[in-house]
Structure formats: C-alpha cells, structure tokens
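> Just dropping this structure here.
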Amino acid sequence: MLKALKTALQKTAFHLNWTCTYCGREVFDDGFFCEECGKKLPFNDGDICAHCGRRAPSPREYCETCAGRLTAFDIGRSVFTYEGIAADLIKKFKYENARYLAEVFAPLLVAVYRRALPAADAVVFVPMYKKDLRRRGYNQTELLAQAFSRLTGVEKLTAAEKRRSMKKQVDLGRKTRLENTENAFRIVDKKAVAGKNILILDDVTTTGATANSLARELKKSGAAKVYLLTLASVSSEKKSENQRESGLLSEKE
C-alpha cells in the first residue's frame, strides 16, 4: 500500500516542503511522509464490509452497522481506519486550519476512488451550516472536493445546503445521531444532480448518519446512484468496543 501511496502522490504537481507531513523529518523522495510514518499509516486495505467499506473482522456483505438498515448511499469506501496518524492529521485538518492537508489527502482519495468505486458524474461535499462555516472559516470537505475534482476532472457541485446547526455527534448514541441528522440537508440545485451518479466526499464515517441523510436527499432529487468516499472510517469492531465501554461512539462523524 505504501508503494501505491507514493505513486498516487507523485502524480500531483503539488509538493509540500521536503519534510514529513506528520513528524517533520526530512523526506528524500517525492512523497509526503517519511518511511517510518508511511509504514504506520492505517490504510483500510484489509477485510471490509462490502457495502459501507468500514473494516470488519472478516469479509462480509453487510457489517453489523449496515445489516438490517436501508442506507441511501449505494456503496461506501474509505482510505484509512480512524486511528493513529490518520486520526491525528484529520483532526488537524478539520480543527486547526491545516487547509494544506487537502493536497495530501486528495491523491489518496483519488486512488481509492479509481480502484474501488464506480465512475461518478459529479462530486458533492458535505455542507456546513452558515454560522458554523463562518466560525471555522472553511469547510474541510469542500477543500477535499476541490482538490479531488482538479485531479480527476469529475465536476464539483455545490448542490446542497445544511438547514441547521446540529449537536456534536461525539456526544450522541447511534439512535440520537440518526435523529440529529434527519432532514438536516436540502438540495438547492436539483437539476444538477438529477439522473447522475453522485459521489459524496466527507472526512470521517462513524455511523454513516450524516452521509446517509445527504444521500437520501440526493436520491429524492433524482440522483441515479450515490457513492460515499471518506478519508477514514471507524471500524465496526472499534465502534462496538466503544459502545460497550461508554455507550457512546468515541469519534466525531
């Protein structure tokens, strides 16, 4: 997987400094990570749920999160499992104004997209509520969509808006998470998505409630298929462990 990572990164003209994105050590090739950090990246390339793409104890059509649940997105995949270096960098990207990380993540998203998902006609990012966007100053998923679109030529659509601010998903159990995201999004450009295969880009999948809510609205607006691609996902094993220990999921959607 490290070789595939380097190949993906080498295809971009953008290059951060000659230092590792994570630890700051010098990098002597065209990658973004030193050899040591590259080996520690938690790629989600083992056994997965064929539907949502999260890591599973063994290959299966539906994991315990997906089983018996009708999801609006047709298939999902993620680059990493949400742990270690990946989790640290995603938090930095999302909360510490590290916008440059979009250029590190985008080639990895592209590599997984081309290997594991059907071709999409357009890419849609998960929108933020206007007040939340003003507070943070940027939408990290929009930055990912911009970089992804530039590398693939897949059209980026600003087709959705968030109706309201939501409670932080980290504070909620699965049932409340689903209720929290119910009717959270509105499609503002239905003609742009009608009849198309749409790819949703997001940062992290935990329950999948956010992506499912957005996918549902896209389907209502006429989208033919909806796929989900995220930087990382919380594995079904880890999620169950967290729920048993605390009754809550440990990471944000």
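> For S58 and L133, calculate 0.36 nm times their separation in residues minus their Cα-Cα distance, and state this gained length in nm to one decimal.
The span from S58 to L133 would gain 23.1 nm if fully extended.
> Now for a separate question. If we count other beta carbons within 10 Å of each Cβ, what is the order of K156, K220, fewest first?
K220, K156
> Starting with the highest mean, order 225-235, 30-40 by the number of other Cβ atoms within 10 Å, averaged over the residues of each peptide.
For the peptides 225-235, 30-40, the packing ranking is 225-235, 30-40.
> For the pair A98 and R69, how long in nm is the line joining their label points, each one 7 Å along Cα→Cβ?
With each label point 7 Å from Cα toward Cβ, the separation is 2.8 nm.
> K220 versus E155, label points 7 Å from Cα toward the beta carbon: distance in nm?
Result: 2.3 nm between the two label points.
> What does a probe at A194 reach in the range 121-165, counting residues whose amide N is under 20 Å from the point 7 Å along Cα→Cβ?
Those under the cut-off are 121-124, 155-161.
> Then there is this: Kindly flag which residue pairs out of K94/K196; K40/K162; K130/K191; K156/K220 have an alpha-carbon separation exceeding 31 Å in this structure.
Among K94/K196; K40/K162; K130/K191; K156/K220, the Cα-Cα distance tops 31 Å for K40/K162.
> Now for a separate question. With a bin width of 10 angstrom, please list the P(r) values of the range 44-246 as percents of all Cα-Cα pairs, from the 0 bin to the one holding the largest distance.
Going out from 0 Å in 10 Å bins, the range 44-246 shows 9, 37, 41, 13, 0 percent.
All of the numbers you see were taken from the coordinates with simple rules; none came from a lab. In this text the structure is predicted, and so the values were computed from the model without any measurement. Don't worry about glycine lacking a Cβ; one is built from the backbone with ideal geometry, like all the others, and counts go over all protein chains shown.
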